[in-house]
1. Taking the convex hull of the Cα atoms, report for the range A:1-141 its projected area averaged over all directions, in nm².
2. Bins of 10 Å, beginning at zero and ending with the bin holding the largest distance: percent of Cα pairs per bin for the range A:213-262, please.
3. Build a GNM of chain A with springs between Cα atoms under 10 Å: which of A:137, A:15, A:86 gets the top mean-square fluctuation?
4. For chain B, take the longest principal axis of its alpha carbons; what is the angle in degrees between that and the long axis of helix B:60-89, to the nearest 10 within 0 to 90?
5. What does the convex hull of the alpha-carbon atoms of the range A:36-96 project to on average, in nm²?
6. Please give, to one decimal in nm, the separation of the simple spin-label points placed at residue B:140 and residue A:222, each 7 Å out from Cα toward the Cβ.
7. Could you put B:96, B:44 in order, starting from the residue whose Cβ has the fewest other Cβ atoms within 10 Å?
8. Quote the Stokes-Einstein diffusion coefficient, in whole µm² s⁻¹, for the range A:229-298, based on the Kirkwood radius over alpha carbon pairs, a temperature of 37 °C and a viscosity of 0.692 mPa s.
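Bear in mind that the values in this text are calculations on the coordinates, not laboratory data. Worth saying up front: this structure is predicted, and the values here are computed from it rather than measured. Counting neighbours? That spans all protein chains shown, and the Cβs are built from the backbone with ideal geometry, glycine included.
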C-alpha cells in the first residue's frame, strides 16, 4: 500500500492573471499531520480545494488515498472529509438533520446515518444543541458541527481549511482539543492555518507556503533551528537608557543586537538561556538602566516566517476572502 | 446509466427533504407565494375583466382562471431560480461538492421541492376562482388531468429557471432576469385575452407559445371554452355576443399533445444544460 496518503506534484492554478498556486509539491504520510502555513492569499485554500476535487488544477498532478484526483474525483470524495473556513452546514436545519443528511448523501443508509449523527453530536459536545436549527449556534459550534460533518463517513484523509480562523480564544482551544483527539485516533490530516501556534501545536510536519509556492518544509523544531536559537528582549524606560543597554547586551549576545528606538526595545540573540538572562539583568541593574520589561524568548514560527519571507504572516485586512475567488 | 439515475433520484430526494424543512422553518416565503396568485385573480377579474370579452358568451372570470393557473406556475419557477442561486452562495454547497453524491442531486432536489409551492398555489387559486365564479364543467378525470398537466409543465419550466439561477451572480438578479423571460411568455398568450384579438404576427407567436397551449389545454379539460356546436352563431351575434374566431393552428387544435411536446423538449434541453452548468460553477 502506498504510504503517502496525499501526494501532489507541481500544482498550478491561475485566477485570471493571479497565480494562486505556482508549482506546489506536497506529501503526507499515513497517520501524520501536515500543516500548510502561510498568510492570506498564499494559496492554502486553493491547494485544499484542488486536493478535495472542488477545483481543477491548471497543471500538476495529485493523488489522495492512492486515487488520482483528476481521473477519479468521485472515488476521492468517498475517501475524504473536508471542513472549511466557511462552515459548510445548512442554517435552517438542526445539527442532527445536517449530519443525517450528510450520512444519507454518503449513502450510509437510514439507520447508520441516524446513529452516526447522534454519535458525532455527542462526541463534539453538541448533544444538547443537536435538535436546534444551526442558525442559533455560535461560531465555534458551527465549526464543530462542520468538522463532525467531515467525519460522518470515517474518511481516510481529513482536510481542515483554517479550522480556527475567526473563532474566539475559547473556541480555538476547544477546536484544538477536538483535532488533537482525532490525531490520536490516527487520522491523516492536512491542515491549513495562518497561525504559527496552531501549526506548532498540531502538526508533525509544516510546509510554509507563500505566493503559491512552498518556501520551507520541516518539523516545527527544524524550522525554528533554521532561524536560530533563543533571544533576550529588553524594553527600557527612556531613550537615554538605550545606548547603555545596547552595549551591555552586545557583550553577551551571540549575534547582532537589534534596537528598536521607537519602541525603546532591544533584541539580542543569545545562547545559555536563563543563565544569560540573569547575567544580563545583573549588569543592566549595575549600570542603572531602568528596565520596563524583559524576557527570554524562544523563536516562534512567526520569526521563522519573517526570516523566510521578509514579511510577517499577518492576516490581511480582508480576513478570509483572498483565497476564494468565485 | 440506470445506477446513475437511481442515485440522482435518491440523492435528489435527500436534498429535497432539506429544502422542505426550510420551507417549514421559514414559512414567510410561502405566504408571499400564495398571496400573489390571489392578487392576480382579483386584479384581472375585477379591474381588466370588464374590458375583456372572451367571446362565445363565456364569463371572463371563467375564462381567466386557467390562464392565471398557467401564469402562476410559470412565475413559480422564479422561486426555483432564486433558490438555486441562493444555494450556490451558501456554505453548504461546498459540503455537497465534496461528497460523493450525484452531481444532479442539488438541481433535482430543488426542482422537486418547489413542486410544493406550485401545488399549494394552484390549490389556493382554484379556491379563489371557485369563489368568484369559476367552475369545473368537465369530468373529474379531465380536471385531474388538467392539474397534472399544469404541474408537469411547471416542473419542466422550473429547470429553465434553475439554469438561469446558476448563471446569475446572485439571487437578487433572478427576479429581473426571469421577468425578461416570463413577461412576454405569459402576456403574449391566451392567458388573459382571447387569442383572436392579437394582431397578426403576435397572434402567430401566441398560438405557438407553450403558455397558450397549457392554458388552452386546461380550459378544454376544465370545460371553460365556449361550446358553439348546434348554436346559430348569427342569432348569438344578433344578441350582441362576440363570436371568437377559433385558431386553426395545430398547437391550438391539439393543446395537450403540444404542451407535452414542450415538456419533453424543455427537460431534454435544460436538464443536461443545468447539470453541466452546475458542475462548471462548482469547479470554478
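1. 10.2
2. It works out to 20, 38, 23, 17, 3, in whole percents.
3. A:15
4. With rounding to tens, the tilt is 10 degrees.
5. Result: a mean projected hull area of 5.7 nm².
6. Each label point lies 7 Å from its Cα, and together they span 8.0 nm.
7. Result, fewest neighbours first: B:44, B:96.
8. Using the Kirkwood radius from Cα pairs, D works out to 285 µm²/s.
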